[in-house]
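Student: Mind looking over this structure? Questions follow.
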Amino acid sequence: MHDWIETLAALQRRGEPCVLVTLVEEQGSTPRDAGAKLLVTAERSYHSIGGGHLELRAIQIARDLLASGARTPLLERFSLGASLGQCCGGVTLLLFEPLGRVCAEVAVFGAGHVGRALVPLLAGLPCRVRWIDSRAGEFPEQLPPGVEQVVSEEPVDEVDELPPGSYCIVMTHDHQLDLALAERILRRGNFAYFGLIGSRTKRARFEHRLRERGLAAEAIARMRCPLGLPEVRGKLPLEIAIAVAGEVIATYGAERDRQGQ
């Protein structure tokens, strides 16, 4: 009876956005009773609210919501008559709930103490996370849902595999690797956010070296270092992780506001 819950859980584990369509009210003759569920992704639909033209129309509305990036639930009433190509004669009320929309594609470089504190926080947000390190043994045995583990001997090369508009967070165990990652990320340029763990002294040192490597001042200025909301103070890994997660939320929240969502 509740197979849709398992389907929804599987979609959420994969980080795949969907719309949950629920038949919330029925009047007269309808193909399914109230409570029937339909899950719709950009490519597939799962379960059923009765089939026929009503279901086809519901799938179309759901995919329009996905395409527009809508986050607000929608209620639609349908008369099951000739205009809808149905002959039931009843009336249904459908609730459309957009779920699992990814607000940020995040790449976390480094599986040290702060990375291990940060990634579970990001996994609980509308983020899709790639967690990258060359040291397989540093990752926890159980990854949070929606997190992809990437063990790479050349973490810098992983920058080229990220989708445009990614959030890049660098917190590795090696300052030289941090510098190489910073250079590759800044040269690529098409990121939404780039944060580098470290002090103001580290930033000054990195700015000098990046200028020596030919990076323009306006490119270097996009690097957040120290990273994280400055109002969240503390040196514990979890305190730093909360500050960084807060900055990620603030960044994608500001982007949503600009888009009027």
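The values are calculated or read from the model by the stated rules, or taken from the named source; none is laboratory data. Fair warning: this is a prediction, and the values are worked out from it, not measured in the lab. All Cβ positions, glycine included, derive from the backbone under ideal geometry; neighbour counts span all protein chains shown. Side chains are part of the model used for accessible areas, which takes the heavy atoms of the whole protein and leaves out ligands, DNA and RNA. Shrake-Rupley method; radii C 1.70, N 1.55, O 1.52, S 1.80 Å.
Student: Work out how much length Asp174 to Glu239 would gain on full extension: take 0.36 nm times their residue separation and subtract the Cα-Cα distance, in nm to one decimal.
Tutor: Using 0.36 nm per residue and subtracting the Cα-Cα distance, I get 21.3 nm.
Student: So, one more: Could you tell me whether region 104-259 comes out rounded, prolate or oblate from its Cα gyration tensor? Rule is a ≥ b ≥ c as square roots of the eigenvalues, rounded for a/c under 1.5, then prolate if a/b exceeds b/c, otherwise oblate.
Tutor: Rounded shape, in that the Cα axes give a/c under 1.5.
Student: Quick one: order Ile249, Ile185 from most to least accessible surface, probe 1.4 Å.
Tutor: Ile249, Ile185
Student: Any idea how far apart Arg187 and Leu74 come out in nm if each label point goes 7 Å out from Cα toward Cβ?
Tutor: Placing both labels 7 Å beyond Cα along the Cβ direction yields 4.5 nm.
Student: If you take the charge dipole of the chain about its Cα centre, with +1 on Lys and Arg Cβ and -1 on Asp and Glu Cβ, which of Gly214, Leu121, Ser79 is farthest toward its positive end?
Tutor: Selected residue: Gly214.
Student: Report the local net charge at Arg200: Lys and Arg +1, Asp and Glu -1, summed over other residues whose C-beta lies under 14 Å from its C-beta.
Tutor: With Lys, Arg at +1 and Asp, Glu at -1, the neighbours total +3.
Student: For region 219-230, in order, what is each residue's ³J(HN,Hα) by Karplus, 6.51 cos²θ - 1.76 cosθ + 1.60 with θ = phi - 60°, in whole Hz (x at glycine and Pro)?
Tutor: For region 219-230, the Karplus curve yields 6, 4, 4, 6, 7, 8, 7, x, 9, x, 5, x Hz.
Student: Right, here's the next one. If I stretch the segment between Ala42 and Arg14 completely, what's the gain in nm (0.36 nm per residue apart, minus their alpha carbon distance), one decimal?
Tutor: Full-extension gain reported as 8.7 nm.
Student: With every protein chain left in place, what is the accessible area of Glu183 in Å² (1.4 Å probe, nearest 10)?
Tutor: 40 Å²
Student: Full-extension gain between His53 and Gln142, please, as 0.36 nm times their residue separation minus the C-alpha to C-alpha distance.
Tutor: That pair, His53 and Gln142, stretches by 27.7 nm at full extension.
Student: Sticking with this one: Mind checking which helices in the chain clear 27 Å along their axis (Cα) and have mean Kyte-Doolittle hydropathy of -1.0 or more, DSSP H runs only?
Tutor: Those that pass (Cα extent of 27 Å or more, hydropathy at least -1.0) are 237-258.
Student: Add +1 for every Lys or Arg and -1 for every Asp or Glu among the other residues with Cβ under 13 Å from the Cβ of Gly50, and state the total.
Tutor: 0
Student: Could you work out the helix-only [θ] at 222 nm for the chain, with each DSSP H run of four or more residues adding -39,500 (n - 2.57) and the total divided by the number of residues, to the nearest 500 deg cm²/dmol?
Tutor: -11500 deg cm²/dmol
Student: Given the chain, report the % of alpha carbon pairs whose separation exceeds 31 Å.
Tutor: Counting every Cα pair in the chain, those more than 31 Å apart make up 39 percent.
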